[in-house]
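A.B. asks: This is the structure, below, for whatever I ask next.
The values are calculated or read from the model by the stated rules, or taken from the named source; none is laboratory data. If you're wondering where the values come from, they're calculated on a predicted model, not measured in any experiment. Neighbour counts are summed over all protein chains in view; Cβ atoms, including those assigned to glycine, are modelled from backbone coordinates with ideal geometry.
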Amino acid sequence: MRSDRGTIFLERGEILQHLAFPAEQYVLRVVAPKTAATAVPGSFAHIRCDDAVPLRRPLSIMRTDPEVGWVEFLYKPVGEGLSRLAQRAVGETLDLLGPIGRGFALDIDRTRILALGGGVGIPPMIFVADWVRTNARFEPLVLMGSEVPFPFTTVEARVEAGPQPAQARDAMALLEDWGVPSRLASKAGLAGSFDGYVTDLARHGLAHSSAEQLAATQILACGPEPMLRASANLAAEFDLPCQLALEEFMACGVGGCAGCTVLLATAAGPAMKRVCVDGPVFDAREVYPDLAWPKKTAAGLSQN
């Protein structure tokens, strides 16, 4: 029997909130109690954007409230489907399948979580922060990069985040309220942000970490492909386990069409894996086997 049978739900829920941010970015909150109760960071929902658009669109889950029963997404309306979704109003009903996919599997022995999010890859990192913020075992640091204004309120950082460049002054207000340290990076000259890529900002912190701190660190990342490769390269450089949430075009979204397959270098040899249900989270070693990986680094997702 399929391991995901009975764990993906079809839900029709009311749109509770639909906020527009600069640079055509939207945050969508929808009633979906079953998805909210079972989603994990890295999982996504497959959303019917409009009755006139036959194929659903996959959106990473950014936040959930299992008690109230809502899920939240961040997206940019690229293409007809998401453009029509951007026109949907509060009070309307939205149809979604979720949660789908295998999320991040935290290594409980590596208590320092370096969470890297780029653009629309930011949502899983916020979900990670929400997931662990009440667990005293973990020390998360969320670094986010964007080439357009960030789709959330920023404030001057107060929560300690270790050694950071002087430019990296601002943080996400929500994470500050949670007590989770965060910093921002951008090549677009955004005030309060580090002038560079988010992986450059991450390298600064890792380079100023002790051997003991590095031994307790794991990297989680989601974003465009060049950022994922740069994140994996960081992991190889500092000998750290790293998990990547991949983005891929999808049709069915539940593993039937195999249209989202990627070639991975697994322990059993080269294998084609479906991003939707075998992922979207994979071990960085399997995604980028060509990098100079130290032999002693353990795989983060041995089950792949």
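A.B. asks: When you scan the stretch 35-56, how many residues do you find that are out of contact with any Pro (no Cβ under 7 Å at 6 or more places or on another chain) and either small (Gly, Ala, Ser) or without any contact (Cβ under 8 Å) to a residue 40 or more places away in the chain (or both)?
C.D. replies: Residues that pass the stated criteria total 6.
A.B. asks: Exactly one of these conditions fails for Trp293: (1) over 30 Å from Thr7 (Cβ atoms); (2) buried (at least 16 other Cβ atoms within 10 Å of the Cβ); (3) in the same structural domain as Ser182 (by TED's automatic domain parsing). Give me its number.
C.D. replies: (3)
A.B. asks: While we're here: What strands (runs of 3 or more DSSP E) completely inside the stretch 1-111 contain at least 1 residues that are more than 19 Å from the chain's Cα centre (by Cα), of a type in the set (Asp, Glu) and surrounded by fewer than 18 Cβ atoms within 10 Å (Cβ to Cβ)? I'd like the intermediate steps shown before the answer.
C.D. replies: Numbers: elements: 9-21, 25-31, 44-48, 57-65, 70-75, 93-100.
It comes to 9-21, 93-100.
Per-residue answers, yes or no, for (1) surrounded by fewer than 17 Cβ atoms within 10 Å (Cβ to Cβ); (2) of a type in the set (Ser, Thr, Tyr):
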| position | (1), (2) |
| --- | --- |
| Thr199 | no, yes |
| His208 | yes, no |
| Leu220 | no, no |
| Glu225 | yes, no |
| Ala236 | no, no |
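A.B. asks: Here is a check on your reading of the model: is Gln213 closer than 20 Å to Val128 by Cβ, of a type outside the set (Phe, Trp, Tyr) and in contact with an Asp or Glu (Cβ under 9 Å, 6 or more places away or on another chain)?
C.D. replies: No.
A.B. asks: Could you list, in sequence order, all residues of the stretch 235-265 that are closer than 30 Å to Glu212 by Cβ and outside any loop (DSSP other than H, G, I, E, B)?
C.D. replies: Ala235, Ala236, Glu237, Phe238, Cys242, Gln243, Leu244, Ala245
A.B. asks: Answer yes or no as to whether Asp278 is closer than 27 Å to Ala207 by Cβ and either crowded, with 18+ Cβ neighbours inside 10 Å or out of contact with any strand residue (DSSP E or B) (no Cβ under 8 Å at 6 or more places or on another chain) (or both).
C.D. replies: Details: closer than 27 Å to Ala207 by Cβ: no; either crowded, with 18+ Cβ neighbours inside 10 Å or out of contact with any strand residue (DSSP E or B) (no Cβ under 8 Å at 6 or more places or on another chain) (or both): yes.
For Asp278, the condition - closer than 27 Å to Ala207 by Cβ and either crowded, with 18+ Cβ neighbours inside 10 Å or out of contact with any strand residue (DSSP E or B) (no Cβ under 8 Å at 6 or more places or on another chain) (or both) - is not met.
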